[in-house]
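Novice: Quick one: this structure, given as structure tokens, is what I'll be asking you about.
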Amino acid sequence: MKILVAIPGKLHTVRMNRFVPEALSALGHDVRVVDYTPTLVEKLRRKLGGRDAAPVVAPRLLAAIEAHAPELFLTLYGVNVAPPVLEELKRKGVASANWWLNDPFQWERASKILSRYDFAFTNAKYSVDAYAAAGLSHVHFLPSACDASVHHPLDRRIEADVSFAGDWSPNREQLVRRLVDAGVDVRVYGPWRRKLKAPSPIRLTHGFFTPERMAEIFAASRATLNVHTWRGRFDFGLNPRVFEAGACGTPQLVDWKRELGELFGPEERAGMLVYRTDEELLDLARSIPSRANELKAAALAAVPAFQRDHSYRARMQELLRVIGAAGR
């Protein structure tokens, strides 16, 4: 199948803009990629004309459609894919699909975008109900994923009992400070410097990092802390870290979400330390040094299942199955 994938170009740690096209190509499809991030010239046109990004980018997307003549147009998020682009796809009889990966906390924003597509996919299982209630019955569940070429076990010297790799938020800083105050050996990796008041007791390695660097961070810690952005707001929806840490064979402290017991079997969950409250997190974190070998062995045993069942390749197979089933 000829597939055109429209991507956001500027992603740092979670490079699904790279992993998705590669997975589709590995499945044997003829894949072309177009970046819907405005180019420098398009930014100038946007500024001079006082226009939104999507109309400025549209001619380039239309040209890519004309050049590749795809049978499927797939976009990640699709924030700069203008209605005329989708109308042209419909006129040509090309199926359109959108994989939205910012649920559950952005489903209201997404509902305005996903309504125009033939097929839509959300990373949060129970956001499907919210979309259906809003009149979008064509949204399907497709969780986040990992890529075994990057997310796999590595041999590294241990730098901390617990790592946190990711962006800053008030909730995340609060949890990390509680761990530090409780005497847990924790180290943060991410762009936190401007958010922390000096002096801070948090041990920080500042800056953005690549997926490859994240795998190294996981390998250099006995466990990694996973705090969903929407903790305390939604009890469902899994972020990419769940799958990436699992594929790296790193135990993870992860806040409870409904899908944890629905997507993963006992083997996969054996490397997860699931907490619902701050107190549970503290107790589990304190237990890591004495359980390190046991937890690591369990996490490593689960790696094949993560890499097989929760890969971007598996996700693309499911996406194409849903689209193909609807077309029969």
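The values are calculated or read from the model by the stated rules, or taken from the named source; none is laboratory data. What you see is a predicted model; the values in this text were computed from it and never measured. With ideal geometry, Cβ positions are generated from the backbone for all residues, glycine too; neighbour counts draw on all protein chains shown. Accessible surface areas use protein heavy atoms only, side chains included; no ligands, DNA or RNA. Shrake-Rupley method; radii C 1.70, N 1.55, O 1.52, S 1.80 Å.
Novice: Test of understanding: in a Gaussian network model of the chain with alpha carbons linked when under 10 Å, which of ALA305, ALA160, ALA67 would top the mean-square fluctuation ranking?
Specialist: So, out of ALA305, ALA160, ALA67, the one fluctuating most is ALA67.
Novice: Rank these by accessible area, largest first, 1.4 Å probe: ARG15, ARG109.
Specialist: ARG109, ARG15
Novice: At R0 = 30 Å, how high is the FRET efficiency between ARG194 and ASN171 if r is their beta carbon distance? Nearest 0.05 is fine.
Specialist: 0.95
Novice: Now for a separate question. Report, largest value first, the span of the C-alpha coordinates of the range 64-222 along each principal axis, in whole Å.
Specialist: 61, 34, 27
Novice: Treat each spin label as a single point 7 Å out from the Cα along the C-beta direction, and report the GLU108 to LYS2 distance in nm.
Specialist: Spacing of the two 7 Å Cα→Cβ label points: 4.2 nm.
Novice: Just from its helices, what would the mean residue ellipticity at 222 nm be for the chain, if runs of 4 or more DSSP H residues each count -39500 (n - 2.57) and the sum is divided by every residue, rounded to the nearest 500 deg cm²/dmol?
Specialist: It lands at -14000 deg cm²/dmol.
Novice: Quick one: with all protein chains in place, what share of the accessible area of the range 24-126 is carbon or sulfur, to the nearest percent (1.4 Å probe)?
Specialist: In the range 24-126, the share of accessible area belonging to carbon and sulfur is 52 percent.
Novice: Here's another thing I want to ask about it. Tell me the net charge near TYR36. Cut-off is 12 Å between Cβ atoms, TYR36 excluded, with +1 for each Lys or Arg and -1 for each Asp or Glu.
Specialist: 0
Novice: Using 0.36 nm per residue of separation minus the Cα-Cα distance, give me the extension gain between GLU267 and ALA301 in nm, one decimal. Before the final figure, lay out each step's value.
Specialist: Working: separation 34, 0.36 × 34 = 12.24 nm, distance 0.74 nm.
Extending this stretch completely gives an extra 11.5 nm.
Novice: What does the extension gain come out to for ARG157 and GLU318, with contour length at 0.36 nm per residue minus their alpha carbon separation?
Specialist: Working: separation 161, 0.36 × 161 = 57.96 nm, distance 3.76 nm.
My answer for the length gained is 54.2 nm.
Novice: Tell me the label-point distance for the pair ARG286, ALA26, using the 7 Å Cα-to-Cβ offset, in nm and rounded to one decimal.
Specialist: Modelled inter-label distance: 4.2 nm.
Novice: How many nm separate the modelled label positions at ALA182 and ARG91, each set 7 Å beyond the Cα in the direction of the Cβ?
Specialist: 6.0 nm
Novice: Here's a follow-up. Accessible area per residue of the chain at 1.4 Å probe, in Å²? Each step should come with its number before you reach the end.
Specialist: Numbers: 14670 Å² over 328 residues.
Value for the chain: 45 Å² per residue.
Novice: Residues of the range 72-97 with amide nitrogen under 17 Å from the 7 Å Cα-to-Cβ point of LEU62?
Specialist: Only 80-94 fall inside the zone, counting backbone N under 17 Å.
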